[in-house]
Each structure stands twice: as structure tokens, then as C-alpha cells.
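These notes are about the structure you will find just below.
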Amino acid sequence: MTLVKWTPNPASIFDEMNRMVRTVFNDDWNLPVYRDSIWNPAVDVKENEKSFVLTADIPGLTKKDVKINVSNRVLTIHGERKEEKENNDGTFYYRERHIGSFSRSFQLPDTVNEDSIQASFNNGVLSIELPKLEDSLPKDREVKIS
């Protein structure tokens, strides 16, 4: 028996790229299909002088699919993206758009006026305005120079 020195090639980022390209172009669709998985919409929260504004991207849903609740200074957004049932003429090989329910909760600061919260939904974007209480708004006052 003859021993031959074996030197493995170091792993390279190009090896991984080549594998991915071969997978796509060889129709090797053994990738996962996501079904009823947990998903959460992307959310931004910003503050201006008079309010906080929470914006959530929820494409493919309507305002009937989304519920907003405020309880004990916690704002909760619930929703559900249902599976498309009207088109049964094919099989998914790969799916990144999650279906199923989601829920996001946010602790509200003490400065938010819970009674004046308003929401709007336009082109798949949910916007929630959280007005600040009047006594927490910044007030200008002149300081006398002595």
C-alpha cells in the first residue's frame, strides 16, 4: 500500500458562490418551502416634537387583516397573511414570503396619550401615530436676564 500525501483545498467564498449558481441553473430545487412559519413585519419607530410614529411594512394584507390593541401601556399589532388558494395550477419549489399569523408588542412610554392614538393603512404600510400628553410637550419660555 502506497501512502499519498493529501492536501485539502481551503474553503473559499468562490466555492460557495459556485455551489449556489449550480443549484439555481441546474434546477436543483431542494430548498425549504416555508409554511405557517412565524414572521414579523419590519417596524420603524420615530419621534417628533408632538408624537411618536410607528410604521410597519405589511405587504399583501388589508386593514381588515390587522388588529391593533392597547392595554396596560402596551400596544400590540396582530395580523395574518393567508395562503393564496385561488391559483392551484402549480407547486411552489421555493418560498420566502411567509404566511401565517404575526404579533408585535411595544411598551408605550408614560408620555403617550393612549386615548388619542390613530392608525392608517396605505399601500401595505401601517402607520400608527402615538401623540404625546400635553404636559410632556416641550414648552418655550423666556428667561429674564437680571
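Sorted on the mean count of surrounding Cβ atoms within 10 Å across their residues, most packed first, peptides 98-105, 109-116 read 98-105, 109-116. Projected label points at Val143 and Thr111, each 7 Å from Cα along the beta carbon direction, are separated by 1.9 nanometres. Put in order of Cβ neighbour count within 10 Å, fewest first, the listed residues Ile77, Ile117 become Ile117, Ile77.
Listed peptides 126-135, 61-70 appear in the order 126-135, 61-70 once ranked by packing, highest mean of other Cβ atoms within 10 Å at the front. Contact order, relative form, for segment 31-135: 36 percent (alpha carbon pairs under 8 Å, 6 or more residues apart, mean separation divided by residue count). What translational diffusion coefficient, to the nearest whole µm²/s, does segment 31-135 have by Stokes-Einstein, given a Kirkwood radius computed over alpha-carbon pairs, a temperature of 10 °C and 1.306 mPa s viscosity? D, rounded to a whole number, is 103 µm²/s. Can you compute the modelled spin-label distance between Ser103 and Glu49, with each label point 7 Å from Cα toward Cβ, in nm? Going from the Ser103 label point to the Glu49 one covers 3.9 nm.
Read the figures in this text as sums done on the coordinates, not as results from a lab. Being a predicted model, the structure only gives us computed values, none of them experimental. For neighbour counting, all protein chains shown are included, and Cβ atoms are generated from backbone atoms with ideal geometry for every residue, glycine included.
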